[in-house]
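Trainee: Have a look at the structure that comes next, please.
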Amino acid sequence: MLSEKLKKETLESHQALEKVLIQKIKSVNTLEDYSEILNWFYNFYSPIESQVDQYISENILNDYSQRRKSASLAHDIISVNGTLPENPRQTGVQIENVYDALGALYVMEGSTIGGSIISKMISDRLGLQNKEFLTYFNSYGENTMSMWKSFKESLDQFPATGEQQLRVVKSANNTFKHFKLLITQHEQQNQL
């Protein structure tokens, strides 16, 4: 099963990103801090989604249009009076075929699982009663687990040879690593 292979073979890069991201989320004290995190996600996901669009359609993932994240990130940035990046920067993630696209989507869809936990952390830290600021992290609401299950089923049913599956895994690992790199580079720049 491709979904199990992805879980096992991306565990290290997934945990490395999660460690850096959770540490940053725990330091959120203001709406500006939260806006900064939203901007990281937007700057990272928006260019990837544009690339994924070239290879994934409703024919491959019948609910693909529901799985796009940039609009909810933009909504949240604007809701906290943040500034929406005009030109999201290149992320280092290159999507050259459907297998690369599936690997990147695995990372983006997987992030919805932790989203409800992150949403609660941010809401508690900032005393937010209004969930309108948290649409990205609450992306599927009560349907989060069923959407994740549906995505994994689609992955497992997608025809892919062993070499093509390795390409999906490589893309997912690359996506995790580049997102971590974006965060750590930003943190290093802030310390200068």
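The values are calculated or read from the model by the stated rules, or taken from the named source; none is laboratory data. Nothing here was measured: the structure is a model prediction, and the numbers come from that model. Glycine gets a Cβ as well: all are built from the backbone with ideal geometry, and neighbour counts include every protein chain shown.
Trainee: Is at least one residue of segment 80-97 in contact with an Asp or Glu (Cβ under 7 Å, 6 or more places away or on another chain), closer than 27 Å to Ile122 by Cβ and either modelled with pLDDT under 90 or crowded, with 21+ Cβ neighbours inside 10 Å (or both)?
Mentor: Within segment 80-97, none of the residues are in contact with an Asp or Glu (Cβ under 7 Å, 6 or more places away or on another chain), closer than 27 Å to Ile122 by Cβ and either modelled with pLDDT under 90 or crowded, with 21+ Cβ neighbours inside 10 Å (or both).
Trainee: Now a separate question. Can you name every one of the helices (runs of 4 or more DSSP H) wholly within segment 1-59 that holds 1 or more residues which are among the polar types (S, T, N, Q) and out of contact with any helix residue (DSSP H, G or I) (no Cβ under 9 Å at 6 or more places or on another chain)? Let's see the steps before the verdict.
Mentor: Values: elements: 2-9, 11-26, 31-52.
So the answer is 11-26.
Trainee: Working carefully through the options Ser72, Ser57, find the one that is surrounded by 12 or more Cβ atoms within 10 Å (Cβ to Cβ), in contact (Cβ under 8 Å) with a residue 60 or more places away in the chain and of a type outside the set (Phe, Trp, Tyr).
Mentor: Ser72
Trainee: Could you please find all residues in segment 3-40 being hydrophobic (A, V, I, L, M, F, W, C) and farther than 20 Å from Met147 by Cα?
Mentor: Passing the criteria: Leu11, Ala16, Leu17, Val20, Leu21, Ile22, Ile25, Val28, Leu31, Ile37, Leu38, Trp40.
Trainee: Quick check on Ile37: is it closer than 15 Å to Asp100 by Cβ, touching a residue at least 12 places away in the same chain (Cβ under 8 Å) and not polar (S, T, N, Q)?
Mentor: Against the criterion (closer than 15 Å to Asp100 by Cβ, touching a residue at least 12 places away in the same chain (Cβ under 8 Å) and not polar (S, T, N, Q)), Ile37 does not qualify.
Trainee: If you don't mind, there's one more thing I want to ask. Out of Ile117, Ile113, report the one residue that is more than 18 Å from Phe176 (Cα to Cα) and in a helix (DSSP H, G or I).
Mentor: It is Ile117.
Trainee: Output the residues belonging to segment 172-192 that are more than 15 Å from Phe41 (Cβ to Cβ), modelled with pLDDT of 90 or more and polar (S, T, N, Q).
Mentor: Of everything in segment 172-192, those that are more than 15 Å from Phe41 (Cβ to Cβ), modelled with pLDDT of 90 or more and polar (S, T, N, Q) turn out to be Asn173, Asn174.
Trainee: Another question, then. Any residue in segment 75-89 that's in contact (Cβ under 8 Å) with a residue 24 or more places away in the chain: show its pairings with residues that are part of a loop (DSSP other than H, G, I, E, B) and polar (S, T, N, Q) at Cβ separation under 9 Å, as long as the two are six or more apart or on different chains.
Mentor: His75/Thr135; Asp76/Thr135; Ile77/Thr83; Ser79/Asn130; Ser79/Thr135
Trainee: Would you point out the residue of segment 60-101, among those that are of a type in the set (S, T, N, Q) and part of a loop (DSSP other than H, G, I, E, B), that is nearest to Leu181 (Cα to Cα)?
Mentor: Thr91
Trainee: Could you please find all residues in segment 112-137 being hydroxyl-bearing (Ser, Thr, Tyr) and modelled with pLDDT of 90 or more?
Mentor: Thr112, Thr135, Tyr136
Trainee: To continue, here is another question. Could you list, in sequence order, the residues of segment 1-56 that are among the charged types (D, E, K, R) and farther than 17 Å from Asp124 by Cβ?
Mentor: Glu4, Lys5, Lys7, Lys8, Glu9, Glu12, Glu18, Lys19, Glu32, Glu36, Glu49, Asp53
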